[in-house]
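The block underneath contains the structure these notes are about, expressed in structure tokens.
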Amino acid sequence: MKKQQLLLLIIFYATVSFSQNFTRQDTLRGSITPERAWWDLKHYNLNVEVDLDTKQIQGSNLISYTVLNENNTMQIDLQAPMKIEKVIQKGKELLVTSEGNAHFIHLIEEQEEGTTQKLTISFSGKPPTAKNAPWDGGFSWKKDSNGNHFVATSNQGIGASIWWPNKDHYYDEPDNGIDFAITIPNGLMAVANGRLISSETIQNKTTWTWKVVNPINNYGVNINIGDYVHFGEKYMGENGPLDMDYYVLRENLDKAKKQFKQAPKMMKAFEHWFGPYPFYEDSFKLVEVPYLGMEHQSSVTYGNKYENGYLGSDFSKTGWGLKFDFIIIHESGHEWFANNITHIDVADMWIHESFTNYSENLYLDYHFGKKASSEYVIGTRRLIKNDRPLIGVYNVNKEGSGDMYVKGGNLLHTLRQLIEDDEKWRQILRGLNKDFYHQTISSKQLEEYISEKSGIDLTEFWNQYLRTIKVPKVEYKIAENQLSFRYVSIIEKFDMPVIAIVNGTEEWIFPSATWKTKDFSETIKSVEIKKDFYVESELISE
């Protein structure tokens, strides 16, 4: 488990009120239940055999854990139609009772506090086929243009328990990583997270063994199967040489060698802004898959058709979005925000997506300049819906609005303006990845951290942008050389300063809910609120 005060977490989650629209299954999936809280996950050893023709899998998961408090019931998650076949601990088969997708293992051996224990879960079944990967999750069973099987998993949101048994909650990650053994028919390759340890062929099957040594979130665990070829490079990063490996379909090798030249450029920009890549020991990979892509830890999956933009389009409509491959940049940014720093509860998923949306902006800033990055993030603003708050409902596996991407990127861009010191802002971003290295955190922790390091009380800023759908609006009036202004559509005490461009000159103003005035030395002919601030504005006629 990443370093947390578990008792405080349980108390925090216990204070959250539940909507009557959520079910018992939502609570079992989304909360730190007593059957989860007493044990600390240390390691997974996952063995999976994939039958490519019948689309079925079978395998086992050896789970190592430390006992935090004595208990004899353990919750493990596995979603139907997948089945737990049996559970063994110290040679004894254990009773398993089920409540939907939550399975309760009744332990026989004494679970003495402080001891490390192991048990093995055997499982099998036909996992769901993803209808629209990666958003709905499951297995993508496809074929390449040569008729070879091309298969991949993706399971953000729906959960890794859609295909393998695990402790399916974000708060606890295996401290010592995961070992894989993936058995498939000869002639294809299985690629997973971490480093390739070995491949062993017995008759008509080959077992590919991969190893991750760092903590890893469940949804970041993946397997990919195809007619892969490999190429790679060593990148001299902040922590020394980093292996950057690329696994692509044989037919796309030439395209990949050209397009993936952006990967070291990404690494250079993000190590500058966010600090060292968090998983040097496990390497960095881009792996081609038959869907758009996802942020699997040390195994970033790629399906953007070897084009710049998002499948060739520019979200910002500025042209800057076509200067980079969206999937390479965005999904790799998640190595810092999602994989290094992981939310405790999916209600705080904005931590993952807002900062990674913002990473697109910072990539442009590093390689094309501040003007490019500003125009890009402002250009994406048109996509914001303000339908729901960015923070979701705690303890029931419910994320916030999809605005966590673009609105989140824009609120962080706004925050950069408030801090008014780009080096200080960079050190805050690097500090997050250093001080919360390999940890799961809450939005509250992140909010307090940035407030402290910036020296600005951001309480109302966070509450306005994360917890409401209100967009602050600056209303202003002009009377010769006097500018009057105030905020509307705000929460109580919101008083964020903004820059007004008056007669072409930038001036800080400090709106609040009440009208304020500022006198200028000459007649005011033009006023514009600087677009780098995510606010609306309106001239009020007398």
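The values are calculated or read from the model by the stated rules, or taken from the named source; none is laboratory data. These numbers were taken from a predicted model, which means no experiment stands behind them. All Cβ positions, even for glycine, are placed from backbone atoms using ideal geometry, and neighbour counts span all protein chains on display. Note: areas computed on protein heavy atoms with side chains; ligands, DNA, RNA excluded. Shrake-Rupley method; radii C 1.70, N 1.55, O 1.52, S 1.80 Å.
Key figures for this structure:
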item	result
Conditions (1) in a strand (DSSP E or B); (2) touching a helix residue (DSSP H, G or I) at 6+ places or on another chain (Cβ under 8 Å): number failed by N339	(1)
Any hit, the stretch 428-435, residues being in a helix (DSSP H, G or I) and touching a Ser or Thr at 6+ places or on another chain (Cβ under 8 Å)	yes
Candidates I197, I225 - the one that is more than 27 Å from R29 (Cα to Cα), open to solvent by 10 Å² or more (accessible area, probe 1.4 Å) and either of a type outside the set (F, W, Y) or in a strand (DSSP E or B) (or both)	I197
All positions within the stretch 312-327 that are aromatic (F, W, Y) and open to solvent by 10 Å² or more (accessible area, probe 1.4 Å)	F315, W320, F326
Single condition Q89 does not satisfy, out of (1) free of Cβ contacts under 8 Å to residues at least 40 places away in the same chain; (2) within 29 Å of the chain's Cα centre (by Cα)	(2)
Test: residue in the stretch 143-157 that is among the basic types (K, R) and in contact (Cβ under 8 Å) with a residue 40 or more places away in the chain	no
Test: Y13 is hydroxyl-bearing (S, T, Y) and either part of a strand (DSSP E or B) or modelled with pLDDT of 85 or more (or both)	no
For Y171: the one exception among (1) at pLDDT 95 or above; (2) in contact with a Pro (Cβ under 8 Å, 6 or more places away or on another chain); (3) open to solvent by less than 40 Å² (accessible area, probe 1.4 Å)	(2)
Qualifying residue in the stretch 490-504 (condition: touching a residue at least 24 places away in the same chain (Cβ under 8 Å), among the aromatic types (F, W, Y) and farther than 18 Å from P472 by Cα)	no
Strands (runs of 3 or more DSSP E) enclosed by the stretch 490-542 - at least 1 residues per element that are open to solvent by less than 80 Å² (accessible area, probe 1.4 Å) and of a type in the set (F, W, Y)	505-509
Neighbours by Cβ (under 7 Å, 6+ apart or cross-chain): first from the stretch 517-536, under 20 Å from I419 (Cα atoms); second modelled with pLDDT of 95 or more and loosely packed, with under 11 Cβ neighbours inside 10 Å	K530/E506
Residue within the stretch 60-70 that is part of a strand (DSSP E or B) and open to solvent by 50 Å² or more (accessible area, probe 1.4 Å) present	yes
Single residue of H343, H330, H334 found to be open to solvent by less than 10 Å² (accessible area, probe 1.4 Å) and under 22 Å from I378 (Cβ atoms)	H330
Neighbours by Cβ (under 8 Å, 6+ apart or cross-chain): first from the stretch 39-56, among the hydroxyl-bearing types (S, T, Y); second open to solvent by 50 Å² or more (accessible area, probe 1.4 Å) and not in a strand (DSSP E or B)	T54/K126
Selection count where residues are within 16 Å of V229 (Cβ to Cβ) and either open to solvent by 10 Å² or more (accessible area, probe 1.4 Å) or not in a loop (DSSP other than H, G, I, E, B) (or both), scope the stretch 245-289	19
Residues located in the stretch 98-146, provided they are surrounded by 15 or more Cβ atoms within 10 Å (Cβ to Cβ), touching a strand residue (DSSP E or B) at 6+ places or on another chain (Cβ under 6 Å), hydrophobic (A, V, I, L, M, F, W, C) and assigned to a loop (DSSP other than H, G, I, E, B)	A130, A133
Only listed residue being part of a helix (DSSP H, G or I), open to solvent by 10 Å² or more (accessible area, probe 1.4 Å) and modelled with pLDDT of 95 or more, chosen from S354, S374, S359	S374
The stretch 248-294: number of residues that are touching a helix residue (DSSP H, G or I) at 6+ places or on another chain (Cβ under 7 Å) and on the phi > 0 side of the Ramachandran plot	2
Any hit, the stretch 389-411, residues being in a helix (DSSP H, G or I) and either at pLDDT below 95 or farther than 29 Å from Y171 by Cα (or both)	no
Residue ID - most open to solvent (accessible area, probe 1.4 Å), chosen from residues in the stretch 471-489 that are among the charged types (D, E, K, R) and without any contact (Cβ under 8 Å) to a residue 60 or more places away in the chain	E480
Check on N395, of a type in the set (S, T, N, Q) and within 19 Å of Q464 (Cα to Cα)	no
